[in-house]
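Below is one structure, written out as structure tokens; comments come after it.
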């Protein structure tokens, strides 16, 4: 479990893709292997970007930008009630976005007690 610290720098990088989490074992039953799944997804413009075997997840990225993202990478609904909950929570764990203003540290027992 991670504790997020910092703030959004409104770089817009996380708004350029749709991120999807799927159930790993069901998906692999359908596709047979990771390699077959990756081939299938590649033909559709979807990328397998990670997996969490312990929690039975696969993570996809689909290069579809949010329609609320402006030409200068600003979110038109950033500080409004129209901003979706998922956007407010994202990212909830370390991401590969260098511009992101959030940092993460592993949760301690004290963090877990306080939540």
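Across region 29-45, what is the number of residues that are touching a strand residue (DSSP E or B) at 6+ places or on another chain (Cβ under 8 Å) and more than 17 Å from residue 63 (Cα to Cα)?
Result for region 29-45: 2.
Has region 49-61 got any residue that is modelled with pLDDT under 95, in a loop (DSSP other than H, G, I, E, B) and under 12 Å from the mean Cα position of the chain (by Cα)?
No, region 49-61 contains no residue that is modelled with pLDDT under 95, in a loop (DSSP other than H, G, I, E, B) and under 12 Å from the mean Cα position of the chain (by Cα).
Where residues in region 28-48 are exposed (fewer than 13 other Cβ atoms within 10 Å of the Cβ) and either outside any helix (DSSP H, G or I) or in the same structural domain as residue 87 (by TED's automatic domain parsing) (or both), which of them is farthest from the chain's Cα centre (by Cα)?
Looking at the filtered set, the residue picked out is 32.
Inspect region 94-102 for any residue being more than 14 Å from the chain's Cα centre (by Cα), loosely packed, with under 11 Cβ neighbours inside 10 Å and touching a residue at least 60 places away in the same chain (Cβ under 8 Å) and give the result as yes or no.
No: zero hits.
Cβ contacts < 7 Å: first residue in the same structural domain as residue 39 (by TED's automatic domain parsing), restricted to region 6-27; second residue in a helix (DSSP H, G or I) and modelled with pLDDT of 90 or more, any location; separation 6+ or different chain. Result?
Filtered contacts from region 6-27: 27/37.
From the set of residues in region 1-23 that are closer than 18 Å to residue 84 by Cα and more than 14 Å from the chain's Cα centre (by Cα), which is surrounded by the fewest Cβ atoms within 10 Å (Cβ to Cβ)?
Among them, the one singled out is 7.
Out of curiosity, is residue 90 under 17 Å from the mean Cα position of the chain (by Cα), on the phi < 0 side of the Ramachandran plot and modelled with pLDDT of 95 or more?
It is false that residue 90 is under 17 Å from the mean Cα position of the chain (by Cα), on the phi < 0 side of the Ramachandran plot and modelled with pLDDT of 95 or more.
Quickly run through region 57-68 and pick out the residues that are out of contact with any strand residue (DSSP E or B) (no Cβ under 6 Å at 6 or more places or on another chain) and surrounded by 12 or more Cβ atoms within 10 Å (Cβ to Cβ).
Answer for region 57-68, where residues must be out of contact with any strand residue (DSSP E or B) (no Cβ under 6 Å at 6 or more places or on another chain) and surrounded by 12 or more Cβ atoms within 10 Å (Cβ to Cβ): 65, 66.
What number of residues within region 38-52 are under 28 Å from residue 1 (Cα atoms) and touching a helix residue (DSSP H, G or I) at 6+ places or on another chain (Cβ under 7 Å)?
The number of residues fulfilling the criteria is 3.
The values are calculated or read from the model by the stated rules, or taken from the named source; none is laboratory data. It should be emphasised that the depicted structure is a prediction, and the values quoted were computed from it without experimental measurement. Positions of Cβ are backbone-derived with ideal geometry, glycine not excepted, and every protein chain shown enters the neighbour counts.
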